[in-house]
Structure formats: C-alpha cells, structure tokens
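See below for the structure under consideration.
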Amino acid sequence: MTAPAEAKIPAMILPHSLEAERAVVGGLLVWASAFAEVAGLVGPEAFYHPSLGVIFAAMTALDGAGSPIDLLTVGEELRRTGKLEKLRDQGGEAYLAELSARVVTVETLPHYAGIVRDKAHLRRLIEAAHSIAARGYADRDEPGELLAEAERAIGELSALSV
C-alpha cells in the first residue's frame, strides 16, 4: 500500500451551511448598514459556495471604495471585474435578486455570519488534520518536526477562533 504524498480529503461534503451563507449575502444586499459587523466575522474565503464568496468579495471591494452596497452596485462591480460570469450557473444577476428576496432580519445577520465563520473554521481544521495525517503516512518527517508543524497549524486555527 502506498502512502499519499499530499493530503487527500475523503469524498465527503465538508461542513457548511448554504442557507446561512445565502442569508448573509442576501441580507447584506438589503441591509448594507450591517456590512461592517458581518465583515468583522467573515471574509470572502469563509464561504463554501464559490459564487457567494465572489459576491461577498464584490461587497468588500465596494465597501473599501466607500461605495454603497446594493443589487445594482454589486451587479456592476461583478460585471466590471469580469466575475459576473461566475454566477451564470446560478442565474447571473437574477441570482442576486433571488438572494435579496431570502431576506432575514438585520438583527440575525451577525448570527448567520457566525455560523458561516464556524463552518469555515471546521473546514480548515479538517484540512489541517488531513495534511498532518498524510505527512505522517508518508513517513518522511521526523516525528518532532511533524508534531511541531501540527502544533503550529492548530495554533493558527486557534487564533482564528478567538
């Protein structure tokens, strides 16, 4: 039996909450005033669904430029950056309208963003554990080196959770 050279995560669906991700993005399309609080909890990389991460990245860019965040500006930002094409499978700009129609209340957005953040942390932990296991199976590292690397990786993840 050959040891894996790199971590291969089993063909399982990684932890995520598509509904929480949709609620965060859709809610921000309606209540952009909550963006700063939500952005303090998650970034574009926290989204499991790539299209939602792309939309959140557009919102982040708009916020950074001091521009309003709404259906029109997010659609324009996605078009300007050539990323609207990444939403074609979901329906393009109509997908943005669909997300905003799934409106939650502004008060629940930080809670849903916390769910998105927590699921992202779980995915990172799973990826780190698989990487450490693969290196152990490869039997190329000294045990002390591998342990130090494992402690470093877990320490980085712990810092994210605080």
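The values are calculated or read from the model by the stated rules, or taken from the named source; none is laboratory data. It should be emphasised that the depicted structure is a prediction, and the values quoted were computed from it without experimental measurement. Cβ atoms come from the backbone with ideal geometry, glycine included; neighbour counts cover every protein chain shown. These accessible areas exclude ligands, DNA and RNA; they are computed on the full protein's heavy atoms, side chains included. Shrake-Rupley method; radii C 1.70, N 1.55, O 1.52, S 1.80 Å.
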Going through the range 131-155 in order, the residues found to be within 25 Å of residue 121 (Cβ to Cβ), touching a helix residue (DSSP H, G or I) at 6+ places or on another chain (Cβ under 8 Å) and acidic (Asp, Glu) are 149
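Any idea how many residues of the range 37-96 are outside any helix (DSSP H, G or I) and more than 22 Å from residue 124 (Cβ to Cβ)? Break it down into steps so the answer makes sense when it comes.
First, pick out the residues of the range 37-96 that are outside any helix (DSSP H, G or I): 40-43, 47-49, 65-70, 81-83, 91-92.
Then keep just the ones that are more than 22 Å from residue 124 (Cβ to Cβ); that gives 65-70, 81-83, 91-92.
Adding up the residues that qualify gives 11.
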List the pairs whose first member sits in the range 21-44 and is free of Cβ contacts under 8 Å to residues at least 24 places away in the same chain, whose second member is open to solvent by less than 50 Å² (accessible area, probe 1.4 Å), and whose Cβ atoms are under 8 Å apart, counting only residues at least 6 apart or on separate chains? 43/56; 44/53; 44/54; 44/56; 44/57
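Determine whether residue 123 is basic (Lys, Arg) and over 25 Å from residue 75 (Cα atoms). If you could, list the steps in order and put the result at the bottom.
Working: basic (Lys, Arg): yes; over 25 Å from residue 75 (Cα atoms): yes.
Yes, satisfied.
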Within the range 96-113, can you find the residues that are open to solvent by 80 Å² or more (accessible area, probe 1.4 Å) and within 17 Å of the chain's Cα centre (by Cα)? 111
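Do we have residue 33 as closer than 19 Å to residue 70 by Cβ and hydroxyl-bearing (Ser, Thr, Tyr) here? Break it down stepwise before answering.
Details: closer than 19 Å to residue 70 by Cβ: yes; hydroxyl-bearing (Ser, Thr, Tyr): yes.
In short, yes.
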Hey, among 127, 93, 98, which residue is charged (D, E, K, R) and under 30 Å from residue 154 (Cα atoms)? 127
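Please verify whether residue 126 is aliphatic (A, V, I, L, M), open to solvent by 30 Å² or more (accessible area, probe 1.4 Å), at pLDDT 90 or above and within 20 Å of the chain's Cα centre (by Cα), treating the condition exactly as stated. Steps first, answer last, please.
Details: aliphatic (A, V, I, L, M): yes; open to solvent by 30 Å² or more (accessible area, probe 1.4 Å): yes; at pLDDT 90 or above: yes; within 20 Å of the chain's Cα centre (by Cα): yes.
Considered against the rule, which asks whether it is aliphatic (A, V, I, L, M), open to solvent by 30 Å² or more (accessible area, probe 1.4 Å), at pLDDT 90 or above and within 20 Å of the chain's Cα centre (by Cα), residue 126 comes out as yes.
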By residue number, the members of the range 55-90 that are within 23 Å of residue 13 (Cβ to Cβ) and crowded, with 19+ Cβ neighbours inside 10 Å are 55, 56, 87
